[in-house]
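Coordinate-derived values only; no laboratory data. Source: prediction; values computed, not measured. Every residue, glycine as well, gets a Cβ built from its backbone with ideal geometry; the counts of neighbours run over all protein chains shown.
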Amino acid sequence: MVTFDGRGNGQSDRPPTAEAYDDDQYVADALAVLDATGTREAVLVGLSRGGRWAVELAAARPERALGAILIDPALPFMAPLPREQNSSFDEQLDRHDGWAKFNRHYWLREYRDFLEFFASQAFSEPHSTKQVEDMVGWGLETSPESLILTQLGAQPASRDEMEAVLRQVRCPVLVVHGSEDRVRPHVGVAVAELTGGDLVTIEGGGHCPQARHPVKINLLIREFVESLGGMAR
């Protein structure tokens, strides 16, 4: 198994321009990691926005993707988002209740409060204190300025564009989605349909089921890889 920190997070660089966070830059990073590790083909596993980049990699470089596992994928335009219904990322708002905290100006003023709110939405299951604390801690390892830039990079600009990318995916796909996902609700059904993939719903699961249901998610990953006839090479 090969994993890496996406740019803007963990031990990876934090470039100072929005263009550095375009989707194609994340895809290029993933390909560079595959090349550096001598991995000719791989089963791609992506959570949230990582699911979108996995889809884009599989569509653009089908010879590198044996399969794709998309966990609560964050694909734009595939379903209404709570934050899009309640606020604008760039506007100066008078109030910042709920998803109105998903706002660049609020991040610069009250970054920790936003992280605590977002983590509470990502882990909607009861008794998720440890997971919430971990997410907030990881979020504090970067800066609000870097996080803002990750929201400004280029990504599919319309539903038609996003659907076109999904329809280009030729490898087997498994979509895993929590039934209580408060961050990207209802996206999994559309993604599975457009890729011809299988959909597994984690009943009661939130946006990050791999952290609250690790055994179930790991078994799904293993079963999917085994169904392809072997491990990635």
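A compact table of results
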item	result
Zero-based 10 Å bins, Cα pair distances in the range 18-227, whole percents	8, 32, 38, 19, 2, 0
Cα-projected label distance for GLU180 with GLU41, points at 7 Å along beta-carbon direction, nm	4.0
Euclidean distance between Cα centres, the range 146-219 to the range 38-71, Å	12
Taking the range 27-140 and dividing mean pair separation by its residue count, relative contact order in percent (alpha carbons under 8 Å, at least six apart)	16
The chain: relative contact order as a whole-number percent, Cα under 8 Å and 6+ apart	26
Residues GLU203 and ARG170, FRET efficiency given R0 of 41 Å [Cβ-Cβ distance, rounded to 0.05]	0.85
Residue with peak Gaussian network fluctuation, the chain [Cα springs, cutoff 10 Å], from ASP134, ASP24, ASP181	ASP134
Chain lengthening between ARG222 and SER143 when straightened (0.36 nm per residue, less Cα-Cα)	24.9 nm
